[in-house]
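The values are calculated or read from the model by the stated rules, or taken from the named source; none is laboratory data. The structure presented is a predicted model; accordingly, all values stated were derived computationally and were not measured. We place every Cβ from the backbone using ideal geometry, glycine too, and count neighbours over all the protein chains shown.
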């Protein structure tokens with residue numbers, strides 16, 4: 001089969017590789033549509049250090065089951081499915097406590113398990129969810145990023161009508177707007193250096209947009225919050241500059257949630273956290289939100305397909321990711337079809 005294989009920083013050629021046969025508890029999935037995630041772009045550049053070559057990236061996808069192992073009971077060949085990228089053990093303390101996203105023994109498609117930038121992928125049946133008939137392949141491929149946004153919002157303490165700041169208007173940041181609105185947020189302020197992405201944010205319901213390249217974003221947030229700062233700030237970039245901003249944008253005693261993890265190490269102002277009693281927490285992946293994301297899309301509470309700005313063949317994927325990594329393109333969401 002054909003697959004994009006990450007072989008090192010800035011190297012992801014199309015290769016001929018064996019079709020992965022399913023194990024006894026696995027299903028083989030023919031990939032119908034796979035989304036390009038920002039984490040794949042950072043991984044392609046080699047900045048995160050999480051992906052060890054050679055590896056097939058790609059973790060936002062939907063497809064059709066083409067083979068099943070002997071122990072697979074709940075799925076049949078021909079079923080339309082969407083797949084969570086996290087494989088968890090089910091027995092560690094975190095799994096038993098209901099937090100499989102932080103499983104001590106977790107693995108991830110496209111990180112340390114071969115993913116979906118390929119014709120086929122084989123995955124544990126535990127990772128598979130039925131794709132409702134009324135949902136498209138592209139909607140299925142958007143379940144995972146919406147689940148990430150929903151989990152971040154679920155971890156963000158907020159009251160009805162609270163002002164929420166979202167830093168970063170990429171796919172996750174934009175979907176966080178929709179999730180925050182669903183939870184009852186009041187004024188939503190979005191900060192990003194891309195005018196194109198800020199336009200998207202306004203269309204999705206952001207009340208105020210701020211461009212740090214053109215104005216002082218912290219002052220802008222203070223002006224919108226009577227000088228106090230926001231009770232909730234969600235950071236969806238993951239670099240030093242934006243994580244620093246997130247602290248200064250929060251009000252005293254406020255809550256700051258970090259989704260972004262582009263840079264493995266950052267520098268922050270500790271006094272902002274300590275002397276103002278800020279609560280800062282990370283958020284990773286999702287738990288029950290994956291199923292909730294399917295339901296939100298199925299019932300049309302949220303339709304994320306408007307974020308798709310480019311569709312292409314998998315064969316063009318390396319060039320597209322290279323353009324995104326170099327900043328030569330600013331597409332919100334790209335969908336690839338093997």
Task: Residues that are part of a helix (DSSP H, G or I) and either in contact with a helix residue (DSSP H, G or I) (Cβ under 6 Å, 6 or more places away or on another chain) or more than 18 Å from residue 302 (Cβ to Cβ) (or both), drawn from region 153-166 - done: 153
TODO: Report, by residue number, each residue of region 212-227 that is surrounded by fewer than 16 Cβ atoms within 10 Å (Cβ to Cβ) and within 12 Å of residue 245 (Cβ to Cβ).
DONE: 216, 219
Open item on the list: Kindly evaluate residue 41 against the criterion of being surrounded by 15 or more Cβ atoms within 10 Å (Cβ to Cβ) and within 18 Å of residue 63 (Cα to Cα).
Closed with: no
Open item on the list: I'd like to check something: does region 257-273 contain any residue that is touching a helix residue (DSSP H, G or I) at 6+ places or on another chain (Cβ under 8 Å) and in a strand (DSSP E or B)?
Closed with: yes
Task: Total residues in region 16-56, condition out of contact with any strand residue (DSSP E or B) (no Cβ under 6 Å at 6 or more places or on another chain) and under 14 Å from residue 317 (Cβ atoms) - done: 4
Open item on the list: So the check is Cβ under 7 Å with 6+ separation or different chains; which pairs have a first residue in region 315-332 that's closer than 15 Å to residue 45 by Cβ and a second one that's at pLDDT 95 or above and in a helix (DSSP H, G or I)?
Closed with: 329/323
